[in-house]
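Structure, as structure tokens:
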Amino acid sequence: MSEARWRTWQRLGELEEAYLEIAAVQAAQEVGLFERIGAAPATLPALAADLTCDQRGLGVLVDLLTAMGLLDKDGDRIRFSPGGAAFLDPASESYYGDTLRRVTLSAEALGRLGAAVRTGEPLGQTVDVPDTGALWAQDVAPVLATWREQRAAAQRLWETLAVPVPAGGTVVDLGCGSGFPAFGVPGSPTFISVDWHPAVLEVTTAVAARLGIADRVRPIAADLRRLELPPSSVDLVHAAAVLYFYPFEEIDRLLARAADWLRPGGYLVSRHLLADAERASATEALRRAVQLFLFHPGSHVPTTDELTAAASNAGLTDVRTVDGQYLIARKPTS
Ligand SMILES: C[S@@+](CC[C@H](N)C(=O)[O-])C[C@H]1O[C@@H](n2cnc3c(N)ncnc32)[C@H](O)[C@@H]1O
């Protein structure tokens, strides 16, 4: 077998293995295993009786979930691993199970991709639907369990990006989510943290409190596409993992407005999965484009060239990219 064919064969095998692990999480959610273990650890016979499951079936499921690091075995009792408890116990403040069940590992939603491709009609679940607020909050809540790691990563990030923000300056964080990574900006700036959903901003506020910077964070519940700020009033506009929800014309318009908000010499930093020019090799970006297509009508994962052109059209200069996903641009001083 040629090397290329062997690699493809291995890749297909990896897909099959991954699918089994995904199916195990889906099955555990379907039979209520995580809720039950969250309530109290229990033996396999007790779990099978409580969940009205076949003991052998539940046993093979528990074994795999344990090997995946989601559950632990304590003698004959089955309980969550520490990580499993943080993200899969519905009682945890950093619970992520709802997002897995309803979006990222939803067999029902993902199974409709073929139909969506055929018709061009996504599932229609957009950020404009108010009741997705709770879901978005679930999406960012895991940061509450990982905030120390997130803080360290955010601090390293801004060292790498080397974007100067004057001490005590103002940062606008569009679609702030948890507040990271903007909260890593050095120089004790004030943050205007903008997110559509008040439920998400509750997580942002909780993160800010843990970081001890709540007095420097001004949460604003607003649609970033309609946000009004005074011209030349901010030092940094940050937009991470948010612009791709929207059609490219909206990104173009938004960058023009962001340029207006910036003080001369201020910076725009966008983190955005960027497609390669041929749309053929940037796997992470292309994967996300499929997910966004399924859930968000009008979403667009741009290429580096497209986003660079949008920044230039907005009158920003010194446009550069870092790590293939950060786009940095500056408002001219004159
Ligand atoms: C994928 S998260 C990214 C969060 C954060 N920027 C980060 O990098 O971790 C996208 C966030 O953008 C918010 N969002 C999406 N569309 C928005 C809009 N039109 N106005 C305000 N916030 C929006 C969502 O509520 C969500 O919290």
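Derivation of every value follows stated rules applied to the coordinates shown; laboratory data play no part. Nothing here was measured: the structure is a model prediction, and the numbers come from that model. Here the Cβ is made from the backbone with ideal geometry for all residues, glycine too, and neighbour counts use every protein chain on show.
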Original post:
Where does the charge balance sit around Ala27 when Lys and Arg score +1, Asp and Glu -1, over other residues with C-beta under 13 Å from its C-beta?
Top reply: -3
Original post:
Which ³J(HN,Hα) values in Hz, rounded to whole numbers, follow from the phi angles of segment 307-320 under the Karplus curve 6.51 cos²θ - 1.76 cosθ + 1.60, where θ = phi - 60° and Gly and Pro get x?
Top reply: 5, 4, 5, 5, 5, 5, 4, 6, x, 8, 10, 6, 6, 9
Original post:
How big is the charge dipole of the chain about its Cα centre, in debye rounded to the nearest 20, if each Lys and Arg gets +1 on its Cβ and each Asp and Glu gets -1 on its Cβ?
Top reply: 600
Original post:
For the chain, with the dipole built from +1 on Lys and Arg beta-carbon atoms and -1 on Asp and Glu ones, taken about the Cα centre, which of Thr8, Ala240, Gly266 lies farthest toward the positive end?
Top reply: Gly266
Original post:
Based on the mean of other beta carbon atoms within 10 Å per residue, what is the order of 237-245, 252-260, 208-216, most packed first?
Top reply: 237-245, 252-260, 208-216
Original post:
Rounded, prolate or oblate: which fits segment 158-275 when a ≥ b ≥ c are the square roots of the eigenvalues of the alpha-carbon gyration tensor, with rounded for a/c under 1.5 and prolate only if a/b beats b/c?
Top reply: rounded
Original post:
Mind checking the angle between helix 55-67 and the chain's longest principal axis? C-alpha axes, 0 to 90 degrees, to the nearest 10.
Top reply: 40
**OP:** Report the full-extension gain for the segment Ser281 to Arg253: residue separation times 0.36 nm, less the Cα-Cα distance, to one decimal in nm.
**Re:** 7.3 nm
